[in-house]
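*Asks:* Handing you a structure now.
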Amino acid sequence: MNPGLTLATAGRVLRQVRTDHRTIALIIVVPCVLLGLLAWIYTGTHVFDLIGPALLGVFPMVVMFIVTSVATLRERQSGTLERLLTTPMGKGDFMIGYAVGFGLLAVVQAVVATGFAVWVCGLDVAGPVWLLVVVAVADAVLGTALGLLASGFARTEFQAVQFMPAFLLPQFLLCGLLIPRDQLPTFLEWISNLLPLSYAVDAMKEITRSTDPLSAVAGDLGIVAGFIIAALALASLTLSRRSA
Amino acid sequence: MMNNYDGPAVAISGLQVVRGRRDVIPGLDLEIPAGEVVGLLGPSGSGKSTLMRCIVGVQITKGGTVTVLGHPAGSPELRKEVGYVTQAPSVYEDLTVRDNIAYFARAVGLRGTELRDAVDRTLAEVDLVDYGGQLIRDLSGGQESRVSLAAALVGRPTLLVLDEPTVGLDPVLRRDLWELFANLAAQGHSLVVSSHVMDEATRCDRLVLLRAGEVLADVTPEELLARTGAADADAAFLTLVDHAAETRRSAS
Ligand SMILES: Nc1ncnc2c1ncn2[C@@H]1O[C@H](COP(=O)(O)OP(=O)(O)OP(=O)(O)O)[C@@H](O)[C@H]1O
Ligand SMILES: [Mg+2]
């Protein structure tokens, strides 16, 4: 690992995104539109206060998962990855570079989406709003790490896109968004304890519910960080310098 | 970034490669001298790209050794010393020409003014000075392959492995690039360049003719013509291939 090479990769990833205005617009605008839609659907009830925070955790992960898995697959197919790995660029520099680049993009997304949810849609947040942004960025990095891992198993773009429902929908269904996790059937609750998104959503809910959520959130963030490290470690196994 | 190792640039012995179920390289010995432009020629599918992948260390091999500048191919010591240009251009479509070259320059450790100067020099070498700010996806095929070449040239590696770098380029550009290759060799760099175009063979210091993963000839261009009695490289190559086919037939 070399910080110069990691930053070079992060900068390159961001430059690539910068030339794609439509993708930037989608990343920033779509979460706001969906949050606004939900707030509107549930006008006059408390439902938005229950699912709004969870969604703030889900968006960054889903978006960064898709963007990363497609971008990495393109690197494999175009030969740029193979070529990079013949240079002093390490696998760690490559992966952490992606995580840093998309993490920065996620900061922008999270600030806009959180601001929109709180000040436009009137989401009630008992704890500090900045903590929502911190958790959202952690979720984005988790999405990037899982995307790097998933792209190792995709041979075509079609497969890469199909991994989204395969990797993420089960997490989405079991993360406590539809019903609280402790009301799930025991076996499903047990499964949901094994999935990273559950902890991200727990953290988000804690922040909206409690005026002093820091210690609970720190625990959840620690677990999310563990998943990030595990996903990156597994993903590095799929990045081999040599191929047949 | 020149390395002072004074053995051959590449030494290959007993190399075996299987791709899919095919014995692409059944057993190959070859030495590539330092400070020369070595042309790798041979029909489509003869294993030129596979051999180059072995030299840069991205090919899984079944047996044998490949030693590059005194180290096993692909080892960490070589990452700054070996530059590789794949047959299909490998650059980022959604980056500008300059950003692509600069990224690969950063990957080998260039920074600051050194980086800027190296990128400017390389843009001139591949004749893309006016295109620095253009996205790759808006370039022609030949321009794109020149960016791919530039990304390897920018770090001035000791050994350059170039897989068909002049395909699809016009005669003027081809001449300029071959002059650049000769200049680099004169400065002590080693180059392995594959090509389909036989008249480019005469621009090499040495020629390696490959057929079905075997070395048919490892000669200077003059020796090739003298040995086959042919008038040009094209004819010489055909003579050698026919001759090899005949010996094989009479042997079996
Ligand atoms: N990814 C692969 N999987 C399986 N076999 C492969 C693969 N790539 C190449 N081959 C086989 O290896 C052999 C040598 O291919 P190689 O690409 O080295 O040839 P080449 O001399 O570079 O040809 P060309 O001049 O057309 O580029 C061919 O028979 C080819 O079918
Ligand atoms: Mg080839």
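*Asks:* B:GLU31 to A:TRP130: FRET efficiency via 1/(1 + (r/R0)^6), r the Cβ-Cβ distance, R0 51 Å, to the nearest 0.05?
*Replies:* Details: r = 64 Å, r/R0 = 1.25.
E(calc), rounded to 0.05, equals 0.20.
*Asks:* Once phi is turned into ³J(HN,Hα) by the Karplus curve 6.51 cos²θ - 1.76 cosθ + 1.60 with θ = phi - 60°, what whole-Hz value does each residue of segment B:31-46 show in order, with x for glycine and proline?
*Replies:* Each residue of segment B:31-46 in turn: 10, 10, x, 7, x, 10, 9, 10, x, 10, 10, x, x, 4, x, 7 Hz.
*Asks:* Can you compute 3J(HN,Hα) from phi for each residue in segment A:170-187, using the Karplus curve 6.51 cos²θ - 1.76 cosθ + 1.60 with θ = phi - 60°, rounded to whole Hz and x for Gly and Pro?
*Replies:* x, 5, 4, 5, 9, 7, x, 7, 7, 9, x, 4, 6, 9, 6, x, 3, 4
*Asks:* Pairing the Cα long axis of helix B:233-251 with the longest principal axis of chain B, what angle in degrees results, from 0 to 90 and rounded to the nearest 10?
*Replies:* 40 degrees
*Asks:* Keeping to pairs on different chains or 8 or more places apart, tell me how many lysine pairs in the protein assembly as shown have Cα atoms under 27 Å apart. Mind dumping the intermediate values first?
*Replies:* On the way: A:LYS91/B:LYS62; A:LYS91/B:LYS80; B:LYS48/B:LYS62; B:LYS48/B:LYS80; B:LYS62/B:LYS80.
Step by step, the pairs that qualify in the protein assembly as shown add up to 5.
*Asks:* In addition: Suppose each label sits 7 Å from its Cα in the direction of the beta carbon; what would the B:GLN187-B:LEU238 distance come out to in nanometres?
*Replies:* Computed distance between label sites B:GLN187 and B:LEU238 equals 4.0 nm.
*Asks:* Looking at chain A, do any whole DSSP H helices span at least 24 angstrom along their long axis by alpha carbon and average 0.5 or above on Kyte-Doolittle, and which?
*Replies:* On the way: long enough: A:21-41 (30 Å, 2.11); A:47-78 (46 Å, 1.21); A:91-115 (36 Å, 1.32); A:129-151 (33 Å, 2.19); A:214-238 (36 Å, 1.97).
Passing helices, by number: A:21-41, A:47-78, A:91-115, A:129-151, A:214-238.
*Asks:* Rounding to the nearest 10 and keeping the result within 0 to 90°, find how far the Cα-based axis of helix B:97-107 lies from the longest principal axis of chain B.
*Replies:* 80 degrees
*Asks:* Using label points projected 7 Å from each Cα along Cα→Cβ, tell me how many nm separate B:ASP6 and A:THR23, to one decimal.
*Replies:* 5.1 nm
*Asks:* Write out the chymotrypsin sites (Phe, Trp or Tyr not before Pro) in segment A:42-104 meeting two conditions: DSSP loop, and at most 16 other Cβ atoms within 10 Å of their Cβ.
*Replies:* Numbers: sites: A:TYR42, A:PHE48, A:PHE65, A:PHE94, A:TYR98, A:PHE102; in loops: A:TYR42.
Passing sites in segment A:42-104 are A:TYR42.
*Asks:* Cα gyration tensor of chain A, axes a ≥ b ≥ c as square roots of the eigenvalues: rounded (a/c below 1.5), prolate (a/b > b/c) or oblate? List each step's numbers first, then the result.
*Replies:* Details: a/c = 1.92, a/b = 1.65, b/c = 1.16.
Prolate, because a/c is 1.5 or more and a/b exceeds b/c.
*Asks:* What whole number of Å gives the distance from the Cα centroid of segment B:1-61 to the Cα centroid of segment A:74-140?
*Replies:* 41 Å
*Asks:* Suppose each label sits 7 Å from its Cα in the direction of the beta carbon; what would the B:LEU180-B:ARG227 distance come out to in nanometres?
*Replies:* Computed distance between label sites B:LEU180 and B:ARG227 equals 3.1 nm.
*Asks:* Moving on. Taking only the C-alpha atoms, wrap a convex hull around chain B and report its volume per residue in Å³ as a whole number. Please report the intermediate quantities before stating the final value.
*Replies:* Values: hull volume 32.7 nm³, N = 252.
It is 130 Å³ per residue.
*Asks:* Relative to the compact-globule scaling 2.2 N^0.38 Å, provide the ratio for the alpha-carbon radius of gyration of the protein assembly as shown. Kindly include the intermediate steps, with their values, before the conclusion.
*Replies:* On the way: Rg = 27.5 Å, N = 496, 2.2 N^0.38 = 23.3 Å.
Scaled against compact globular proteins, the figure is 1.18.
Quick note: the coordinates plus some simple rules give every number you see, no bench work behind them. None of the values given here were measured: they were computed from a predicted structure. Don't worry about glycine lacking a Cβ; one is built from the backbone with ideal geometry, like all the others, and counts go over all protein chains shown.
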